[in-house]
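**Student:** Before I ask anything, here is the structure I am working with.
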Amino acid sequence: MSSKEYILVTGGAGYIGSHTVIELINNGYDVIIVDNLCNSNYDSVARVEYIVKRPVKFYDVDLRDTSKLSEVFSSHKIKGVIHFAALKAVGESTKIPLEYYDNNVTGTISLLTVMKNHGVKTIVFSSSATVYGDATRFENMIPIPEHCPNDPTNPYGKTKYMIENIIKDIHGSDNSWRAAILRYFNPIGAHPSGLIGEDPLGIPNNLLPFLAQVAIGKREKLFVFGNDYNSHDGTPIRDYIHVVDLAKGHIAALNYLRNLNEKDGLYREWNLGTGKGSTVFDVYNAFCKAVGKKLPFEVAGRRDGDVLDLTANPTRANSELKWKAELSIDEACKDLWKWTTENPSGFRIENYQWKLFNDSEKVDYDSRLHTVRMKDLEVSFANYGALIQCIRYKNKALINCFCGIEKYKSPSNPLFGSTVGRYANRISNGEISLGGQTFKLDKNENNKNTLHGGTNGFHRQMFLGPVVKGHESCITVEFTLLDKDGNGGFPADLVTTVKYTVRSNSIDIEYESFIDENSQVDETAVNLTNHTYWNLGEEKAIDGTYLKTATNEYLEVDSDSLLPTGSIAEYPKDLTKGITLTNDIKLDNCFVVSKNIQSIDTREEPLKQIAELSNPNTKIHLRVKTTEPSFQIYTSDQTNIPPFGSRSGISFEPCRFIDAINSKEFANQVTLKKGSVYGSKTSFEIL
Ligand code: NAD
């Protein structure tokens, strides 16, 4: 067991849990998520990782499975628990109360038992304002204080009430327990990144998720239940709190518990609300403002059980936890609208699926294989190296690939489909000079040069994400990586995103890199490409395939060191006229599209066609386009990883000039300074 101490978050894949995990990590906590995904999707965890740029441990465990839960506690040092996992729909709870009591109460008893057995006695519990029931039954309880008597009116609320009492009794029996009971009012909004939010499964019960569905045309109109209440516009008043504010309340509570005197325990309830009530029409107007138009609504009769005003009194949390809700309903509506428009079906994307991509029995969510299908084209990507694992067109595999991850990790893998970085191709003598300082890199090529970023280049790193978005005609799959300062000897923390766009007959690759704002070092060298080995024929051999390039000029290299001599030469066979590949045409050369570049971000340049490939038997045709100034072509003459041997594939690797960083003339192609952005685009079209 490592000495790292974790906060275990149950239900961390869900709406509030995922936002809280981000805040925990931003506040320096290490997190483990336990979630059985019964009302969520692993993709929310992948997106959390994408946002925080680091992996988060995840266990697909039902809390009621006490022995599996116990294994999680045995394998990690856990210093506290934030307990979100529950079923939460009030209406549903009246229909299937047994499931609610079993899941919420039995699940919590299992969790508390495991915590007790492992000596973990700190818990922050997600309770709800529903425990108060109708607080308007008293004269002076609006805004609602924590001492308002409890009287939940539905099975869901009763599970929360029971759990609060179970935790209170445990604290009563052993007062070294530290328990924060957080009673939420109405959480709304989404993460400002637009990457996570409430996944709208079925018909939403809450006002804003329902309105969001009206706005994107999934529902016809909003029903306003009653406009004859005693409020400024006749609609009922509730306390809406931005989910990010709510998430921050958990950090405040956790810190409060951790800062208690060493021997002190505690059981205490805190309301998490804004203290400011808003009517249904206030929220409706704020959301219409975010959307930019008036949305249809109809005033229906009052709903049974609804009351005028359920606003929180949050002064206890404000003064004791030093926490205060800061975001407005306008901000929540803006964030919700961003989340909704960018993810109209939540985390579910038609034509996209993922599965685990590992050979061992061990379930490893970091290593996943993501498949996108667009008509005749099927493309799979893996987190490992953000690689393109498979491209199938009309059911024919077009690239060399392995079925399991182990072969990708083999030293003889010629980087099939991988992202190559932080610096593709060679760096002479494994050395670069930046800002007057020399950096010694991994010399992984015969102890002389650095090749493809060294021994732990991008092709060997587990990328985070992906964020998958899209619609019928186009799906994007976006991975990210924070490559730490010093990895392979390279200076500066570098953030890179690899974005694939799949359409029915093309795969585009877009790279973007920048130096992280927290990096201590503010200059580095970057050169990114992809190593997909194409084979458009039926056999595991490329000979007989037709190749044509847009240029015949290439960077001349020294035959021993394979480093550029400084000259640009004409390739002996004119590839611009088109040739049929034969065994004697051994290509491993960097062809020149343009002598230099205007900006380190070449995405501003037009995509130029650089090569085409076609096979006379399968009649499949490939066009390669890029914004890059050069591209390496490699006919895989050194490949030897059965069943793939020499000449089993041909790669086109758009990139910057070989060893540009050590050339006065071309160093601008690859020198990245803090504040600037490196970028490029490449497109593979299949016909
Ligand atoms: P959510 O459904 O999005 O998240 C709950 C998560 O718990 C889901 O990911 C689900 O898969 C998981 N889960 C459920 N039962 C589980 C089990 N037995 N084992 C493991 N995982 C399990 O809900 P949310 O809106 O994020 O709510 C989180 C918590 O906050 C819940 O306890 C809820 O009752 C409470 N709460 C929510 C609201 C609200 O309006 N969203 C208001 C007050 C209180």
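**Student:** With all protein chains present, how much of the accessible area of the stretch 5-342 (probe radius 1.4 Å) comes from carbon and sulfur, to the nearest whole percent?
**Tutor:** Whole-percent figure for carbon plus sulfur exposure: 48.
**Student:** What Kirkwood Rh does the stretch 5-342 have if only Cα atoms enter the pairwise 1/r average? Answer in Å. Spell out each step's value before the answer.
**Tutor:** On the way: mean 1/r = 0.0492 Å⁻¹.
Result for the stretch 5-342, one decimal place: 20.3 Å.
**Student:** How about the stretch 559-632: which trypsin sites (Lys or Arg not before Pro) there lie in a loop by DSSP and see at most 10 other Cβ atoms within 10 Å?
**Tutor:** When the trypsin sites (Lys or Arg not before Pro) of the stretch 559-632 are filtered for loop state and at most 10 Cβ neighbours within 10 Å, K619 remain.
**Student:** Still on this structure, please answer the following. List the residues, sorted by chain then number, that are 5 or more residues from I241 or on another chain and whose placed amide H is less than 5 Å from its amide H.
**Tutor:** Under 5 Å from the amide H of I241 lie the amide H atoms of N186, I188, each far enough along the sequence or on another chain.
**Student:** Tell me whether the stretch 462-525 comes out rounded, prolate or oblate; compute the Cα gyration tensor, take square roots of the eigenvalues as a ≥ b ≥ c, and use a/c under 1.5 as the rounded threshold.
**Tutor:** Note, shape of the stretch 462-525 comes out prolate.
**Student:** On the protein heavy atoms, probe 1.4 angstrom, tell me the percent of accessible surface of the stretch 568-674 carried by carbon and sulfur. Let's see the in-between values first.
**Tutor:** Values: 2200 of 4560 Å².
The nonpolar share, carbon plus sulfur, comes to 48 percent.
**Student:** Which listed residue (A325, N154, G277) has the Cα farthest towards the positive end of the charge dipole for the stretch 5-342, taking +1 on Lys and Arg C-beta and -1 on Asp and Glu C-beta about the Cα centre?
**Tutor:** A325
**Student:** Rounded to the nearest whole Å², what accessible area per residue is found for the stretch 5-342 with the 1.4 Å probe?
**Tutor:** 41 Å²
**Student:** Okay, moving on. Would you grab the residues whose amide H sits under 5 Å from the one on L272? Only those 5+ places off in sequence or on another chain, please, with H modelled 1.01 Å from N.
**Tutor:** R183, Y184, F185
**Student:** Check which residues have an amide H placed less than 5 Å from L387's amide H, if you skip close sequence neighbours.
**Tutor:** Result for L387 returns A382, T419.
**Student:** Next up: Residue farthest toward the positive end of the dipole of the stretch 352-686, with Cβ of Lys/Arg at +1 and Asp/Glu at -1: which of F479, I686, N530?
**Tutor:** Result: I686, furthest along the dipole toward the positive end.
**Student:** Here is a further query. Quick check on the stretch 418-571: take the gyration tensor over C-alpha atoms, sort the square-rooted eigenvalues as a ≥ b ≥ c, and tell me if it's rounded (a/c under 1.5), prolate or oblate.
**Tutor:** Details: a/c = 2.12, a/b = 1.10, b/c = 1.92.
Oblate.
**Student:** Taking a cut-off of 23 Å between Cα atoms, list the lysines near K577, but don't count ones fewer than 8 places away on the same chain.
**Tutor:** Output for K577: K548, K586, K595, K608, K619, K625.
**Student:** Write out the GluC sites (Glu not before Pro) in the stretch 237-318 meeting two conditions: DSSP loop, and at most 15 other Cβ atoms within 10 Å of their Cβ. Don't skip to the answer; put the middle values down first.
**Tutor:** Values: sites: E262, E269, E298; in loops: E262.
Qualifying residues, ordered by number: E262.
**Student:** Calculate the dipole size of the chain relative to its Cα centre from +1 charges on Lys and Arg beta carbons and -1 charges on Asp and Glu beta carbons; express the result in debye to the nearest 20.
**Tutor:** Charge dipole, the chain, about its Cα centre: 360 debye, nearest 20.
**Student:** Just to confirm the filter: which chymotrypsin sites (Phe, Trp or Tyr not before Pro) across the stretch 635-687 are DSSP coil and have at most 10 other Cβ within 10 angstrom of their Cβ?
**Tutor:** none
**Student:** Follow-up question, since we're still on this one. Using protein chains only and a probe of 1.4 angstrom, how many square angstrom of D485 are accessible, to the nearest 10?
**Tutor:** The accessible area comes out at roughly 70 Å².
**Student:** Ignoring everything except DSSP H segments at least 4 long, calculate the 222 nm mean residue ellipticity for the chain; use -39,500 (n - 2.57) per segment, divide by total residues, nearest 500.
**Tutor:** -6000 deg cm²/dmol
**Student:** Let's test this: bin the Cα-Cα distances of the chain at 10 Å from zero up to the farthest pair and state each bin's percent.
**Tutor:** Reading upward from the zero bin: 3, 14, 22, 21, 16, 13, 8, 3, 0, 0.
**Student:** Determine how large the accessible area of Y511 is when every protein chain is in place; take a 1.4 Å probe and give Å² rounded to the nearest 10.
**Tutor:** Counting only protein heavy atoms, Y511 exposes about 10 Å² to solvent.
**Student:** Could I ask something else about it? If each of T153 and R303 carries a label point 7 Å out from its Cα toward its Cβ, how far apart are those two points in nm?
**Tutor:** 1.1 nm
**Student:** Return the subset of K248/K334; K499/K681; K95/K221; K294/K338 for which the Cα-Cα distance in this structure is over 21 Å, preserving the input order.
**Tutor:** K95/K221
**Student:** Can you give the relative contact order of the stretch 5-342 as a percent, counting alpha carbon pairs under 8 Å and 6+ residues apart?
**Tutor:** The normalised contact order for the stretch 5-342 reaches 19 percent.
**Student:** Would you mind working out the magnitude of the charge dipole of the stretch 352-686 relative to its Cα centre, with +1 at each Lys and Arg C-beta and -1 at each Asp and Glu C-beta, to the nearest 20 Debye?
**Tutor:** I would put it at about 760 debye.
The values are calculated or read from the model by the stated rules, or taken from the named source; none is laboratory data. Computed from a predicted model, the values in this text were never measured in an experiment. FYI the Cβ positions are ideal-geometry reconstructions off the backbone, even for glycines, and counts take in every protein chain you see. Ligands, DNA and RNA are stripped out before the accessible areas are found, and what is left, the full protein with its side chains, is counted by its heavy atoms. Shrake-Rupley method; radii C 1.70, N 1.55, O 1.52, S 1.80 Å.
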